[in-house]
1. Looking at segment 257-266, can you tell me whether even one residue there is among the aliphatic types (A, V, I, L, M), surrounded by 16 or more Cβ atoms within 10 Å (Cβ to Cβ) and part of a loop (DSSP other than H, G, I, E, B)?
2. Would you pick out the residues in segment 73-104 that are modelled with pLDDT of 95 or more and among the β-branched types (Val, Ile, Thr)?
3. Test His347 against the criterion of being farther than 14 Å from Trp381 by Cα and not hydroxyl-bearing (Ser, Thr, Tyr), and give yes or no.
4. I'm told Val106 meets every condition in (1) assigned by TED's automatic domain parsing to the domain that holds Val167; (2) part of a loop (DSSP other than H, G, I, E, B); (3) in contact (Cβ under 8 Å) with a residue 60 or more places away in the chain except one. Can you identify the failing condition by its number?
5. With respect to Ser231, is the statement that it is touching an Asp or Glu at 6+ places or on another chain (Cβ under 8 Å), over 18 Å from Leu130 (Cα atoms) and surrounded by fewer than 23 Cβ atoms within 10 Å (Cβ to Cβ) true?
6. Of these, Asn145, Asn150, which one is in contact with a helix residue (DSSP H, G or I) (Cβ under 6 Å, 6 or more places away or on another chain) and not hydrophobic (A, V, I, L, M, F, W, C)?
7. Which of the helices (runs of 4 or more DSSP H) found entirely inside segment 1-80 contain at least 1 residues meeting this: in contact (Cβ under 8 Å) with a residue 24 or more places away in the chain and under 25 Å from Trp443 (Cα atoms)?
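The values are calculated or read from the model by the stated rules, or taken from the named source; none is laboratory data. Here the structure is a predicted model, which means the values were calculated and not measured. Note: ideal-geometry Cβ built from the backbone for every residue, glycine included; neighbour counts use all protein chains shown.
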Amino acid sequence: MDALVRELTNLFGSEAVLCAAEVGQRACSYWDSSSMQARALIRPATTAEVSRLLALCNERRQAVVVQGGRTGVCCGERARPADIILSLERMRAIEEIDVVDRTVTVQAGCILESLQAAAADRGLTFPVDLGARASCTIGGNIATNAGGINVIRYGMIRERVRGLEAVLADGTVISSMNRMLKNNAGYDVKQLFIGTEGTLGVVTRAVLSLDESLPFEFDALAALSEFDALSTLLRRLYKSLQGQLVAFEVMWGDYYRAIIEAGDEPAPLEPHFPYYVLIRASAAMGEAKETFELALQAVMDEGLVEDAVLAKSRNEARQLWNIRENFEPLLRDKPTFVYDVGLPIRHMEAYVTEVRMGLGAQWPRHHAYVFGHLGDGNLHWIVSPGEDTPGIHSLVDRHIYEPLRRLGGSISAEHGIGTERRSYLEISRSAEETALMRRLKRWLDPNDTLNPGKVIPGERTT
């Protein structure tokens, strides 16, 4: 045990410290089963302990990598052998649920699914929802400004954060635990830490807004033959459901077929259509079910939708959503790369066609699956080139990202930048924006000890 690790053990106790050998028994992330590397992993139990850790590491110029649920796809959680890992896994408490003001106060290590369950027990809902709900943490969600399947109705997690507490690289605690919906007193300091991936400070606690739980949910899977029909259907449902539309998740036909072929359940709809869309609405009154069904019947009568199935129970709804969320069978080929991009809906069809053509010309045996949150302009890619050669990851990146340049698109709609996407940040952010990011980083973390090498190109990477 080296001197710094021994000092950290004396400071925080042996139960809070994992040495390098113990760290190596953990997997790097959900996506990467190789052994984690770090000088040590520290598990503080309070904001005060996080503060002491960061202050000490800042004084020693020791790099610190922050980890939550390790479900990100951009290597933001990746540590090097000489790094200290700060894990928030011992800070999972739900401190308070205020049913009058509809807020919840949580520690940053709280698992999203645990928060959702606790809110439901009080007749409330925390509507940010994503496939990694059983593993991802609220701190990680805030750090990446997570979105998920309900964004078109409830927004990104940024819209849910009333206040938060964060620790700067030098150990300074910034406590802005605002509980009010309206607070326009000066700068909204919490925004410095939302979506900045732990590079400006470590979120330790947060006050989040909840909504009343709506007792009736309606789910359907529809099949369509034309891409233009998707955007028309979305507009039609916005209008006919009058604020009740929660999710509008599109799957390209090859994605749907691959998931169906990999599973044991019969296909709810025939697998020969070009597009499939999962639709969810929620309402306070059961009568809204008739509105939902009539809206679907109307678009089918017009020929906008070719076929559709309505879930008759929560179990049937879950089976429909499993098609969208259980994409693990598509990750079996090695290598496989995962992306999330953002772009205007009107450009999506041409963009997907261009990317597919480029991938096919370079790798004839490739597989590329597309799905995502079309309603908020977010598409996900799962790409397996069909071969593994040096530099292949960067070549696939180029096919996915470069077409976004002229479309005004984003290289990351909700998963962040980490280290994977730094070199393409200039597609989505101007030179002036990137320069301001660097100035903020150098001001708040002049020794570059906090998540070094993440997000901003050209910062310390070794």
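1. Checking segment 257-266: not a single residue is among the aliphatic types (A, V, I, L, M), surrounded by 16 or more Cβ atoms within 10 Å (Cβ to Cβ) and part of a loop (DSSP other than H, G, I, E, B).
2. Within segment 73-104, Ile84, Ile85, Ile94, Ile97, Val99, Val100, Thr103, Val104 meet the criteria.
3. Criteria met by His347.
4. Just one mismatch for Val106, condition (2).
5. For Ser231, the condition - touching an Asp or Glu at 6+ places or on another chain (Cβ under 8 Å), over 18 Å from Leu130 (Cα atoms) and surrounded by fewer than 23 Cβ atoms within 10 Å (Cβ to Cβ) - is not met.
6. Asn145
7. Answer list for segment 1-80: 47-59.
Rundown of residues vs (1) over 16 Å from Leu440 (Cα atoms); (2) under 17 Å from the mean Cα position of the chain (by Cα); (3) assigned by TED's automatic domain parsing to the domain that holds His373, yes/no style:
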residue	(1), (2), (3)
Met156	yes, yes, no
Asp170	no, no, no
Lys190	no, no, no
Thr196	no, yes, no
